[in-house]
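Taking it in order: structure first as structure tokens, then the write-up.
Nothing in this text is a laboratory measurement; each read-out follows from the coordinates by a stated rule. Just so it is clear, the structure is predicted and the values come from calculations on it, not from any experiment. Don't worry about glycine lacking a Cβ; one is built from the backbone with ideal geometry, like all the others, and counts go over all protein chains shown.
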Amino acid sequence: MNEDELLQRLRAVASEVDGVPDHVNLAAEAALGTRRLDEELAELIADSAEHTPQLVRDASDIRMLSFRAGAVGIEIEIDDRLRGLVTGARGTVTIETPGGTTEAELDERGWFTADIPEAATVRLKITADDGTGVVTSWFTR
């Protein structure tokens, strides 16, 4: 059997095989959904670094990031420090870096501040007073 004959037979088999059963697709979707049981992943909706292409950043530049997960919004400003505003939730913010974690309380308006290392990769976890959680993707300073 040559290569062309093999391909022809494989095409014939593939055309006869039924698709994936619906219950298998539903189970797969449910399994993927469980990865957010404890924390919902906040979607990055804006990054000022994408809109200001520069070869070298000025020391006075402030990077701004916006994340959203359902009713929770997270606005972040990064310069010498990390400053953020969380809307739609009250609770604590955990600032994660490869070197460790720091917790910050949200003030009555939803603001928080934190020091982060110069070249740190950072992720934020917001734990609301009701126990629900939202986590951002990793970002750099």
Residues in segment 114-138, backbone N under 11 Å from the label point at Glu105 (7 Å along the Cα-to-beta-carbon vector): list them, ranges by number please.
-> none
Sticking to Cα atoms, compute the Rg of segment 85-140 to one decimal and its Dmax as the biggest Cα-Cα distance, whole number, in Å.
-> 11.1, 33
Sites Thr92 and Ala119, calculated FRET efficiency, Cβ-Cβ separation with R0 30 Å, nearest 0.05 | 0.75
Quick one: check the C-alpha center-to-center distance for segment 1-20 versus segment 94-113, whole angstrom.
-> 56 Å
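Output the peptides 108-117, 125-134 sorted from most to least packed, where packing is the average of other Cβ atoms within 10 Å over each peptide's residues.
Working: 108-117: 13.6, 125-134: 17.0.
Averaged packing, sorted descending, gives the order 125-134, 108-117.
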Dimensionless Rg ratio for segment 38-140, taking C-alpha atoms and the 2.2 N^0.38 Å reference = 1.04
Cβ crowding within 10 Å averaged over residues, with 83-95, 1-13 ranked highest first = 83-95, 1-13
